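S.K.: Sending over a structure as structure tokens; questions will come in a sec.
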Amino acid sequence: MGYKKASDVLPKELVQIIQEYIDGDYVYIPRKRGSQLSWGEKNGTRQAFKEREQMIYRRYINGASKAKLAEVYHLSLKSIERIIYKEKNK
């Protein structure tokens, strides 16, 4: 979420109307229904996790042990097992 100066993006008349209700404070304007982004889509985190999970699975099928993967990726053994199971069943 970024901040924008109202006078830079809204008509002067609309800014004056809004100032009748709230003057000098921050106002959050939610996205229109249907245009919301899922978690991690805007900054690429979701894609990064997806790529990491695919890499973990590839390394596993190429012989890396679950324990070694947990150590390398700083994840619990249970998390590694969950990732492998998910990737295997895609």
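S.K.: So in the stretch 54-90, with the set limited to residues that are open to solvent by less than 100 Å² (accessible area, probe 1.4 Å) and among the acidic types (Asp, Glu), which one is nearest to Ser38 (Cα to Cα)?
M.R.: Once the filter is applied, the top-ranked residue is Glu87.
S.K.: Report every pair of residues separated by at least 6 positions or lying on different chains whose Cβ atoms are under 7 Å apart, first residue within the stretch 59-86 and over 19 Å from Ala48 (Cβ atoms), second among the acidic types (Asp, Glu) and open to solvent by less than 100 Å² (accessible area, probe 1.4 Å).
M.R.: Lys66/Glu81
S.K.: Answer yes or no as to whether Ile29 is β-branched (Val, Ile, Thr), open to solvent by 70 Å² or more (accessible area, probe 1.4 Å), without any contact (Cβ under 8 Å) to a residue 24 or more places away in the chain and part of a helix (DSSP H, G or I).
M.R.: It is false that Ile29 is β-branched (Val, Ile, Thr), open to solvent by 70 Å² or more (accessible area, probe 1.4 Å), without any contact (Cβ under 8 Å) to a residue 24 or more places away in the chain and part of a helix (DSSP H, G or I).
S.K.: Conditions: (1) more than 19 Å from Gly40 (Cβ to Cβ); (2) free of Cβ contacts under 8 Å to residues at least 24 places away in the same chain; (3) exposed (fewer than 12 other Cβ atoms within 10 Å of the Cβ). Glu51 meets all but one. Number of the miss?
M.R.: So Glu51 meets the others, but not (1).
The values are calculated or read from the model by the stated rules, or taken from the named source; none is laboratory data. Keep in mind that this is a model prediction, so the values were computed, not measured. Note that we place each Cβ from the backbone using ideal geometry, even for glycine, and neighbour counts take in every protein chain shown. Areas reflect the complete protein model, heavy atoms only, side chains present, ligands, DNA and RNA absent. Shrake-Rupley method; radii C 1.70, N 1.55, O 1.52, S 1.80 Å.
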